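Data block below; observations after.
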Amino acid sequence: MTTLKQVTIYTDGGCQGNPGPGGYGAVLLCGNHRKELSGGYKLTTNNRMELLACIAALEALKYKCDVTVYSDSKYVVDSFEKGWAKRWRTNGWKRNKKDKAENPDLWERLLDLSEQHEVKFRWVKGHAGNIENERCDRMAAEAAKQDNLQEDKKYEETARLTVQNSTNSLF
């Protein structure tokens, strides 16, 4: 039986306005190895950037690993650790009988990636002096300010449909 490599990941995501231009940052640590990842989007939400930070980090792993992801997002940590996201997927991306789960496209990707590794999520207080969390926060903010930001097509499509449905309503 082979021992899995231990990988520690720190992530953060944010937006300038919510929704607005957004970015994410991730730091991956394994032994003496360190990798930093970031990306930015023209129009997105804070929660989507928090999820994308985790997704980008897990996608960067080349082999099955024992991973601990530290995030300052209760949305991400609780949804994963309390089993909510798996339940939403099982229930057709519904939080309950009438409310849809948000960001099912990203949750699907994150759940699939988490099944390829041994993953635990842990909450870390944001803006509280944790060096790696602070680094991720800076990378996310810098990424959101870059030129040539990517399009978060799924978010923009969902936002467009929401606006159309609200303008077609009598109330």
Subject >> lysines whose Cα lies under 29 Å from that of Lys97, excluding same-chain neighbours fewer than 8 positions away >> reply: Lys74, Lys82, Lys86, Lys120, Lys153, Lys154
Original post:
Along the positive direction of the dipole of the chain (beta-carbon charges: Lys, Arg +1; Asp, Glu -1; about the Cα centre), which of Leu113, Ser71, Ala57 reaches farthest?
Top reply: Leu113
**OP:** Lys and Arg at +1, Asp and Glu at -1: add these up for the other residues within a Cβ distance under 10 Å of Thr68 and post the number.
**Re:** 0
Original post:
Which of the aspartates and glutamates could a cross-linker bridge to Lys42, judged by Cα under 14 Å and excluding same-chain residues fewer than eight apart?
Top reply: Glu142, Asp147, Glu151, Asp152, Glu156, Glu157
Original post:
Which order results if Arg160, Arg135 are arranged by neighbouring Cβ count within 10 Å, fewest first?
Top reply: Arg160, Arg135
Subject >> Label-point gap, in nm, between Asn148 and Tyr75 - each point 7 angstrom along Cα→Cβ >> reply: 2.8 nm
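Kirkwood Rh over Cα pairs of the chain into Stokes-Einstein at 10 °C, 1.306 mPa s: D in µm²/s?
Details: Rh = 16.7 Å.
So the translational diffusion coefficient is about 95 µm²/s.
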Original post:
Any idea what the dipole of the chain comes to, in debye rounded to 20, about its Cα centre with Lys/Arg Cβ at +1 and Asp/Glu Cβ at -1?
Top reply: 520 debye
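Values in this text are rule-based calculations from the coordinates and carry no lab data. For clarity, every value in this text was computed on a predicted model and none was experimentally measured. Because the Cβ atoms are built from the backbone with ideal geometry, glycine has one as well, and the counts that use them run over all protein chains shown.
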